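Below is one structure; the comments refer to it alone.
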Amino acid sequence: MKTMKARLYLVFEGWMLVFLLALSIAFLNDFFVGTILFKTAASLFFVLAGVCGYIRNRENRRFSRFMLMGFICCMAGDVFLALDSQGMIFVIGVASFAAAHVLFAAAFCSICAATKADIAMAFAVFVCLVLVLCLGNFDFQGLLPVLIGYAAVISFMVVKALSLWRCRQKGQYGVMLIMLGGVLFLLSDVILLFWLFGIDAAKEVQVWNWVVYYLAQGCLTAALNKKWGT
């Protein structure tokens, strides 16, 4: 029974992938209502997987609380971006994801404190992202400042995820999953950049964004369901 409860998150992650498939099919067939519903369902299931991890990690409540709040913010961002990809709702969606990255970074810092090297590396990643934004062939429709602010937040989250390798003795498998999840999250956002603001992007670009994004969430929720030391 305990083993079944410990692996319940895998059932939720499995359903997340099922709805990811449904989402992709609905989107490619221009089924707008289905796109919103299936995307919401897919995101709900990674939140439920996160709830499983929150319940399991009673010994490390600060870490699990920040992670779960981050997943909830991601789900909110998913819904907002599904409803609007340009206007104020889009900005709220970006803010939701930025809040999620702040929460994820706080969770990672609760395992391994941030250092000056982390800040320096985050700045380097940020500069690279700004160069992509400024030099790429994009139509930002006045949203460039919003994207630059978001780039700063996700840069620190990703670097903090990678820096957990220093503290891998607290949970090596969990650390590796977080590292992979952070990198996949950044990659999904780069793909999303080309879909939302690129010129004449194919619809398959959006599908690839979702695939990479939900794999990232799967890694992060799986990490939360691992046992962590103190």
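The values are calculated or read from the model by the stated rules, or taken from the named source; none is laboratory data. Everything numeric in this text was worked out from a predicted model, so none of it was measured. Quick reminder, even Gly has a Cβ in these numbers, built from the backbone with ideal geometry, and neighbours come from all protein chains shown. Heavy atoms of the whole protein, side chains included, go into the accessibility calculation; ligands, DNA and RNA do not. Shrake-Rupley method; radii C 1.70, N 1.55, O 1.52, S 1.80 Å.
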What do you reckon, is residue 14 open to solvent by less than 20 Å² (accessible area, probe 1.4 Å) and assigned to a helix (DSSP H, G or I)? no
Conditions first: (1) closer than 18 Å to residue 16 by Cα; (2) out of contact with any Gly (no Cβ under 8 Å at 6 or more places or on another chain); (3) in contact (Cβ under 8 Å) with a residue 40 or more places away in the chain. Residue 209 passes all but one, so which condition is the exception? (3)
For residue 198, indicate whether it is open to solvent by less than 30 Å² (accessible area, probe 1.4 Å), over 19 Å from the mean Cα position of the chain (by Cα) and at pLDDT below 95. yes
Can you tell me how many residues within the stretch 55-106 are touching a Lys or Arg at 6+ places or on another chain (Cβ under 7 Å) and either over 19 Å from residue 215 (Cα atoms) or modelled with pLDDT under 95 (or both)? 1
Which one of these is over 30 Å from residue 227 (Cα atoms) and modelled with pLDDT of 95 or more: 156, 126, 140? 126
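Let's see how each residue does on (1) closer than 26 Å to residue 117 by Cα; (2) in a helix (DSSP H, G or I); (3) open to solvent by less than 40 Å² (accessible area, probe 1.4 Å):
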residue: 154; (1), (2), (3): yes, yes, yes
residue: 167; (1), (2), (3): yes, yes, yes
residue: 183; (1), (2), (3): yes, yes, no
residue: 187; (1), (2), (3): yes, yes, no
residue: 193; (1), (2), (3): no, yes, yes
Selection within the stretch 173-195 - among the hydroxyl-bearing types (Ser, Thr, Tyr) and at pLDDT 95 or above: 188
Looking at 43, 24 in this structure, which one is of a type in the set (Ser, Thr, Tyr), modelled with pLDDT of 95 or more, touching a Phe, Trp or Tyr at 6+ places or on another chain (Cβ under 9 Å) and under 19 Å from residue 98 (Cα atoms)? 43
